[in-house]
Amino acid sequence: MPSPNLMAAALSRRTKHAVITVLGNSIALYNPPVRIAEEFAILDVMTGGRFIAGFPVGTSMDTNFAYGEVPATLRDKYQEGHDLIIQSWTRPEPFSFNGKYTQLRYVNIWPRPVQKPHPPVWIPGGGSVETWDWVLDYNYCYCYLSYFGFIRGSQVLKGFWQRCEERNIEPNPYRSGFLQLVAVAESDEAAEREYYEHADYFYNKCLHVYQGFADAPGYRTQRTLKAGFAPQVGDRPAAMRNKLSWKDMLDQGYVIGGSPSTVRERLEYAIKELNTGHLMVLCQFGSMPPELVRQNTELFANEVMPHVRPIFNDWEDHWWPQPMAETVQQRML
C-alpha cells in the first residue's frame, strides 16, 4: 500500500477494541519528519489510544533504489528524524530544531498523542545487529520481520537476547516480536490441500529478488556484514533454491500449518524457542482468496490463540498501548 497510515485511519473508524499497529513509516523518507509525528498523533487520537507506532529504517529496495536515499547516510538521517518526532511528541512548548538534514524554526505539532508520553514504539528489524543496541537504548520493542520462519529467525533473536544479557537488561519476552506465516485447517491433510498452492505462489514465485537490489552498498554496516546475517529479502536460503514442497515449508519453519492441535503444538514450541511475546501472525499470504483468509483467521482465533496467549502471563507487557476509558473514547468519536 502507498501509505499504511491511510489503512490505519480507515480501521480506526471500523474498530472499537482492536489495537492498530503501523509497522510503519520509513522516517528517512519524510521531509520534514514531523509529518509522521502529526499523522501518528492523530491516529492515536482517532483510536482513543489503541495505537502502536512503528519506525522502520526501510528496505534497501524501498529507501535506496526506489526513493533515491543515499545508503551511507540513511541511518544517520533516520536517527535525526526519530529524535525530532519524539521531541515533538514530548516537549510541551514550541521549539526550534536545527539538525543536519532538517531545520525548523517552529515545531509545534497538532494534535498531540493521547498516550503519554507517546504511543508505544516498535522497531521492525531485518537482522542489523546495531539495531539491537539502538532499541535497547530507547527501551523499544524489537520486531524481527522475516518470511523465512522461526527456525532461521531464532538465530537473530538469540543474538538479541544475548545482547540483553551482556547489558544486564531483563529478558522480558514482550521486548521482542516475530512474524510467522500460519495455516490452520480441520486436519493436517486439509491444510496441505487448501493452503499449499498459495504458499507455493508466495515462496516459489514471489521471493525471487536480486540480492544486489535488496542490499545496496552502504545500506548495512560492516558490523552486520561481519555477523553474517543475510538481508531480509533477496537472499534465498539454500533450502529455497529448488521448488519447495509443503513438507519443506513445514520442516524449515517457513509455515506453521496443519490442524488446530498441530499448529498449537508447533507454535508453542516456536514462541518459547524465540522467547517472543508479540507474535505477528500472517493468516493471509500468497494468492489466498478472501474466504480462505477468513477461515484461517477464524480457526486461528478460536482454536489456537487462546492456548498460546497465556504462555508469558508471568511477564508484564510494557510495550502495549494504554487506551482511554471506553466511555471517554466514544464521546470523542
Open item on the list: Any residue in the stretch 15-42 that is within 25 Å of T73 (Cα to Cα) sitting within a Cβ distance under 6 Å of a residue that is part of a helix (DSSP H, G or I) and of a type in the set (K, R)? List the pairs, counting only those 6 or more apart or interchain.
Closed with: A28/K77
Open item on the list: Against the definition (of a type in the set (D, E, K, R), more than 30 Å from R14 (Cβ to Cβ), out of contact with any Cys (no Cβ under 9 Å at 6 or more places or on another chain) and surrounded by fewer than 15 Cβ atoms within 10 Å (Cβ to Cβ)), how does K77 come out, yes or no?
Closed with: no
Open item on the list: For the structure I just gave you, tell me whether S60 is surrounded by 20 or more Cβ atoms within 10 Å (Cβ to Cβ) and touching an Asp or Glu at 6+ places or on another chain (Cβ under 8 Å).
Closed with: yes
TODO: Answer with yes or no whether Y174 is among the aromatic types (F, W, Y), buried (at least 19 other Cβ atoms within 10 Å of the Cβ) and at pLDDT 95 or above.
DONE: no
Task: Residue satisfying all of: in the stretch 88-132; part of a loop (DSSP other than H, G, I, E, B), on the phi < 0 side of the Ramachandran plot and among the small types (G, A, S); modelled with the highest pLDDT among these - done: G99
- [ ] Output the residue which, of all residues in the stretch 181-205 that are more than 19 Å from S287 (Cβ to Cβ) and in contact (Cβ under 8 Å) with a residue 24 or more places away in the chain, is surrounded by the most Cβ atoms within 10 Å (Cβ to Cβ).
- [x] D188
Open item on the list: Every residue in the stretch 292-314 that is free of Cβ contacts under 8 Å to residues at least 12 places away in the same chain and touching a helix residue (DSSP H, G or I) at 6+ places or on another chain (Cβ under 6 Å), please.
Closed with: none
- [ ] Considering only the stretch 3-44, state which residues are within 17 Å of the chain's Cα centre (by Cα) and in a loop (DSSP other than H, G, I, E, B).
- [x] S3, A18, V19, L23, G24, N25, S26
- [ ] Report, by residue number, each residue of the stretch 135-154 that is in a helix (DSSP H, G or I) and in contact (Cβ under 8 Å) with a residue 12 or more places away in the chain.
- [x] V135, L136, Y138, G149, F150, I151, R152, G153, S154
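The values are calculated or read from the model by the stated rules, or taken from the named source; none is laboratory data. Everything quoted here is computed from the prediction, not taken from an experiment. Methodologically, a virtual Cβ is constructed for each residue, glycine included, from the backbone with ideal geometry; neighbour enumeration extends over all protein chains shown.
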